[in-house]
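**Student:** First, the structure itself, so that you have it in front of you.
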Amino acid sequence: MATKHSRASARIMISPAVILLLGWMLIPLSMTLYFSFLRYNLLMPGMEEFTGLTNYKYFLTDPAFFAALTNTILLVCGVLLVTVIGGVFLALLLDQPFFGQGIVRILVIAPFFVMPTVSALVWKNMFMNPVNGLFAHLFKFFGLEPFDFLAQAPLASIIGIVSWQWLPFATLILLTAFQSLDQEQLEASEMDGAPWIKRFWFIMLPHLSRAITVVILIQTIFLLSVFAEILVTTNGGPGTASTNLTYLIYMQSLLQFDVGGGSAGGVVAIILANIVAIFLMRMIGKNLDA
Amino acid sequence: MGRITLDKVSKAFGDVEVIPPLDLTIEDGEFVVFVGPSGCGKSTLLRLIAGLEDVSGGEIRINGQDATQTPPAKRGLAMVFQSYALYPHMSVRKNIAFPMRMAGMPKDEQDRRIEAAAKALNLTDYLDRRPGQLSGGQRQRVAIGRAIVREPDAFLFDEPLSNLDAALRVGMRLEISELHKRLTTTMVYVTHDQVEAMTMADKIVVLQAGRIEQVGSPMELYRSPRNVFVAGFIGSPKMNLLTGPEADKHSATTIGIRPEHIAISSDAGAWKGTVGVSEHLGSDTFFHVTVEGFHDPLTVRASGEVALYYGDTIYLTPDLAHLHRFDAQGLRIA
Amino acid sequence: MARSVSTNRKLVTTFFAWVVGLAIFFPILWTILTSFKTEAQAIADPPIFFNFHWTLENYVTVQERSNYFRHFWNSVVLSGGSTLLGLIIAIPAAWSMAFVPSRRTKDILMWMLSTKMLPPVGVLVPMYLIFRNLGLLDTQIGLVIVLTLINLPIIVWMLYTYFKEIPGEILEAARMDGATLRSEILYVLTPMAIPGIASTVLLNIILAWNEAFWTLNLTAAKAAPLTAFIASYSSPEGLFYAKLSAASTMAIAPILIMGWFSQKQLVRGLTFGAVK
């Protein structure tokens, strides 16, 4: 409800944001699309020529692509699983009254402040290193053979690192949601004779569904493009064991200077991300801001 | 000067017409109340006058000048909102000063007007507080103060008392009426409460579904409601409305008789009924009487205390001089 | 009515909460401790916790070798600049969407958020070439623009949710009081939304500070922020744990300190305004 005048100003006020984002989306996107049809290597300037779908053929038939796709899905789903389940339990715990709530909350949030490169380096060297890492010391203490995490279980290790970074976020959102739960509803169900587990399942969890949606949406946005953690720890290896799509395309374009191939990969990544995005948007469309 | 003329003003939101074209003149210095049930378009009409909404058709003239396209701030009107709409981050003084600050008024003139308004509204001790530290009535006064200092051509009030408790509401009602007598500035006041309308207005505009049902002074509306809707809306408790054989006797489709125009007797009268619930207010007593053959119970007023109890038989006689007759269209038969 | 809880139960909860809290915080704590050790103590087996000889030597070395302060300054400029620029663009947009909503408002918001889902790597090559051709590679201004654009949808979204909590009548009152659009936003809306804006700013500073895709790929030396500074320790040199720890501590300390001082707004901000 407003006047023509205010609607006109509203359009003017929103346009910088819309135009900038539209440009940000369309210009590089159309360039990527264009390059993806060219044979274009930065090491051989001036040799660009139209090659049709060749780049796509190479990219999609490259066994590395399939590995990267699987790794991406595993990485996203793995981290989501760990953080959502861990987050629900942590939030349940932190929602109880205890001494020093403020300090513990700060401790739990802290990993979110740590930049990906730092957390990857710290975990890689100081914890997962098979010789000097704390885990190695711990294993030796129990008389076990030290385990080389990043060589033997690279993807799982990366999932662990990334989960540590995002657990605080999930916990915090779920905790906020718990705190907004109507106490009278819980008390009413207690009067009705529902045991704790049923109260958790039928009242708390449904109440959390919106918060869980938010966690999944926002984390997926960031998890699809996990990059620094891989760059710093495994460089995608060994082989392609921990290469996700982002990293694969990065290697193709900036390490092998194959702009055409990298662009084709970029287009594929965008299409895949869009499929996920449509799926997610449907979900929040229903669940968010209703 | 504050003469507001609405000429065939209409408003539609999309395909929904909330106000069909209507004409209305508000004279300079008048206290006009828009009254009607919720959703009748009274607030929308006020917002059209304020310029917070565009009209879909017609013309709004203020002091004879076409103001239809004039932005709200340039119309010379001040508005008091239902939620008071005070700026929570500013002190009372800054709140009141805000319109003058926006107009670029000299500082000493601002201070002079703030002091005057604060004195008139008993806010002098609160000038440095934030709205959050004030009571509902005080917030209301700050909102009025913010309107007064602009010395507008007309004040617009949008249900200003609906957030106050009952006792405070009566007090503020008097204060606003007194303010109007003192300033003699045009005031347009929106409410759903017909008691506010009756007690404050020079002129009442009764609205229903965006249409004006009747315009007139409170007593005109009370004495000769133009149709069944107005008859039922104005007056407290509500007028008794009867249809069927009883109305036929008076050659009307509907007849209306106010509770205060029915005489009661314990032995003889036109209608025989049974006393239901009675409400004792001290000065008056209201009986809800079930009369055989009538669809709804009648409400009857008796002055003082009357010894009638639940289940007693009662005889009622309407005062025919105050009987209202309406035709099949619901319009008054003269 | 809050229910009273027995002290015993509270003590048990306290114990578990602290164990979990410390476990999650431990990697950071360990890094900070190690940064004050000598290299030999850093890899000592069994690990030393507190009884070591505290030294600042690692910090001096790191500054000398990697020029911490230049990277730190770049991080400040990039995160501060992109947040400020983002606010300037996002406040009017959020005002439009919150107070003059149309049928398309929600679609626009969803679309904006969806641009966030474009994998950055999909446009890495063109961005790299555009930057190279415009001479923006390894410049602060170039990165400020990119960081603004990638965080803009989140700023708009958050401000929108905060603005929607402000009753429209107050802005209408301002309009009646003669405020222009500019004064309405500057003197009424913005001051009223300060807590929400603060949360938005804090979250965006963190996101920009920690952004490690564009900052790593579009900088070399001049404009490189702390993400790049620390990435340089991923080479075998990184095996010097104490120095690595000192560098890590220096990279995360500003944000940690900022977080501790602004806990309340930050917690609100970390939920992206999506959960209340």
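**Student:** Got a sec? Which of C:V20, C:V62 is surrounded by 14 or more Cβ atoms within 10 Å (Cβ to Cβ) and modelled with pLDDT of 90 or more?
**Tutor:** C:V20
**Student:** Among A:T220, A:T171, which is touching a residue at least 24 places away in the same chain (Cβ under 8 Å) and surrounded by fewer than 23 Cβ atoms within 10 Å (Cβ to Cβ)?
**Tutor:** Matching residue, one of A:T220, A:T171: A:T220.
**Student:** On to the next question. For A:I173, state whether it is within 8 Å of chain C (Cβ to nearest Cβ), among the β-branched types (V, I, T) and part of a helix (DSSP H, G or I).
**Tutor:** Yes; evaluated as a whole, the condition is true for this residue.
**Student:** Also, I was wondering about something else. Scan the range A:45-59 and tell me whether some residue there is within 11 Å of chain C (Cβ to nearest Cβ) and either of a type in the set (D, E) or out of contact with any strand residue (DSSP E or B) (no Cβ under 6 Å at 6 or more places or on another chain) (or both).
**Tutor:** For the range A:45-59, residues within 11 Å of chain C (Cβ to nearest Cβ) and either of a type in the set (D, E) or out of contact with any strand residue (DSSP E or B) (no Cβ under 6 Å at 6 or more places or on another chain) (or both): absent.
**Student:** Hey, any hits in the range C:78-98 for a residue that's part of a loop (DSSP other than H, G, I, E, B) and more than 9 Å from chain A (Cβ to nearest Cβ)?
**Tutor:** No, the conditions are met nowhere in the range C:78-98.
**Student:** Tell me yes or no: at least one residue of the range A:91-104 is more than 20 Å from the chain's Cα centre (by Cα), facing another protein chain (nearest Cβ under 8 Å) and charged (D, E, K, R).
**Tutor:** No; the residues of the range A:91-104 include none that is more than 20 Å from the chain's Cα centre (by Cα), facing another protein chain (nearest Cβ under 8 Å) and charged (D, E, K, R).
**Student:** Those residues that are over 13 Å from B:L46 (Cα atoms), outside any loop (DSSP other than H, G, I, E, B) and in contact (Cβ under 8 Å) with a residue 40 or more places away in the chain, I need them from the range B:183-195; list them, please.
**Tutor:** The answer is B:T186, B:Q194, B:V195.
**Student:** Residue check: is C:L203 within 22 Å of the chain's Cα centre (by Cα) and free of Cβ contacts under 8 Å to residues at least 24 places away in the same chain?
**Tutor:** It is false that C:L203 is within 22 Å of the chain's Cα centre (by Cα) and free of Cβ contacts under 8 Å to residues at least 24 places away in the same chain.
**Student:** If you don't mind, another one. Test C:M176 against the criterion of being free of Cβ contacts under 8 Å to residues at least 40 places away in the same chain, of a type in the set (A, V, I, L, M) and touching a strand residue (DSSP E or B) at 6+ places or on another chain (Cβ under 8 Å), and give yes or no.
**Tutor:** For C:M176, the condition - free of Cβ contacts under 8 Å to residues at least 40 places away in the same chain, of a type in the set (A, V, I, L, M) and touching a strand residue (DSSP E or B) at 6+ places or on another chain (Cβ under 8 Å) - is met.
**Student:** Can you tell which of C:F99, C:F49 is buried (at least 16 other Cβ atoms within 10 Å of the Cβ) and more than 26 Å from the chain's Cα centre (by Cα)?
**Tutor:** Residue meeting the stated conditions: C:F99.
**Student:** Sticking with this one: Kindly provide the set of residues from the range A:44-62 that are out of contact with any Lys or Arg (no Cβ under 9 Å at 6 or more places or on another chain) and touching a residue at least 40 places away in the same chain (Cβ under 8 Å), ordered by number.
**Tutor:** A:Y56, A:Y58, A:F59, A:L60
**Student:** Please find, among B:D327, B:D267, the residue that is under 32 Å from the mean Cα position of the chain (by Cα) and among the acidic types (D, E).
**Tutor:** Every option except B:D327 fails the conditions.
**Student:** Same structure again: Would you be able to tell me the number of residues in the range B:247-283 that are acidic (D, E) and buried (at least 17 other Cβ atoms within 10 Å of the Cβ)?
**Tutor:** 1
**Student:** Moving to a separate point now. Go through the range B:210-271 and tell me which strands (runs of 3 or more DSSP E), entirely inside it, have 1 or more residues that are within 24 Å of B:D284 (Cβ to Cβ).
**Tutor:** Correct list: B:240-243, B:254-257, B:262-265.
**Student:** In the range C:200-224, which residue that is more than 12 Å from chain A (Cβ to nearest Cβ) and part of a helix (DSSP H, G or I) is farthest from C:Y162 (Cα to Cα)?
**Tutor:** This residue is C:N204.
**Student:** Take the range C:96-111 and flag every residue that is hydrophobic (A, V, I, L, M, F, W, C) and free of Cβ contacts under 8 Å to residues at least 60 places away in the same chain.
**Tutor:** Listed by number, the residues that qualify are C:V100, C:I108, C:L109, C:M110, C:W111.
**Student:** Here's another thing I want to ask about it. Where the second residue is of a type in the set (K, R) and surrounded by fewer than 24 Cβ atoms within 10 Å (Cβ to Cβ) and the first is in the same structural domain as B:M105 (by TED's automatic domain parsing) and lies in the range B:128-152, which pairs have Cβ atoms under 6 Å and are six or more apart or on separate chains?
**Tutor:** Filtered contacts from the range B:128-152: B:P131/B:R139; B:V149/B:R113.
**Student:** Tell me, which helices (runs of 4 or more DSSP H) lie completely within the range A:219-290 with 2 or more residues that are hydrophobic (A, V, I, L, M, F, W, C), out of contact with any helix residue (DSSP H, G or I) (no Cβ under 6 Å at 6 or more places or on another chain) and at pLDDT 80 or above?
**Tutor:** Fully inside the range A:219-290 and qualifying: A:259-287.
**Student:** Go through (1) over 26 Å from A:G262 (Cα atoms); (2) within 11 Å of chain A (Cβ to nearest Cβ); (3) buried (at least 20 other Cβ atoms within 10 Å of the Cβ) for C:F163 and report which single condition fails.
**Tutor:** So the condition that C:F163 fails would be (2).
**Student:** Say whether the condition of being at pLDDT 90 or above, assigned to a strand (DSSP E or B) and either within 14 Å of another protein chain (Cβ to nearest Cβ) or over 24 Å from C:I194 (Cα atoms) (or both) is met by at least one residue in the range B:79-101.
**Tutor:** yes
**Student:** May I pose another question? Before we move on, is A:M31 within 26 Å of C:L147 (Cα to Cα) and in contact with a Phe, Trp or Tyr (Cβ under 8 Å, 6 or more places away or on another chain)?
**Tutor:** No, not satisfied.
**Student:** So how many residues does the range C:12-39 have that are part of a helix (DSSP H, G or I) and more than 8 Å from chain A (Cβ to nearest Cβ)?
**Tutor:** Summing the residues that are part of a helix (DSSP H, G or I) and more than 8 Å from chain A (Cβ to nearest Cβ) in the range C:12-39 gives 10.
**Student:** Restricting attention to the range A:70-94, which residues are surrounded by fewer than 17 Cβ atoms within 10 Å (Cβ to Cβ) and either under 19 Å from A:S209 (Cβ atoms) or at pLDDT below 90 (or both)?
**Tutor:** A:C77, A:L81, A:I85, A:F89, A:L92
**Student:** In addition: Go through the range C:107-144 and report how many residues are more than 9 Å from chain A (Cβ to nearest Cβ) and under 18 Å from the mean Cα position of the chain (by Cα).
**Tutor:** Going through the range C:107-144 one residue at a time, the tally reaches 3.
**Student:** What pairs come up if the first residue lies in the range A:146-166 and is free of Cβ contacts under 8 Å to residues at least 12 places away in the same chain, the second is crowded, with 19+ Cβ neighbours inside 10 Å, and their beta carbons are under 6 Å apart, counting only those six or more places apart or on different chains?
**Tutor:** Listed by first residue and then by second, the contacts come to nothing, as the list is empty.
**Student:** When you look at B:L156, is it of a type in the set (A, V, I, L, M) and touching a residue at least 24 places away in the same chain (Cβ under 8 Å), yes or no?
**Tutor:** Yes.
The values are calculated or read from the model by the stated rules, or taken from the named source; none is laboratory data. Bear in mind the structure is a predicted one, so any value in this text is a computation, not a measurement. Don't worry about glycine lacking a Cβ; one is built from the backbone with ideal geometry, like all the others, and counts go over all protein chains shown.
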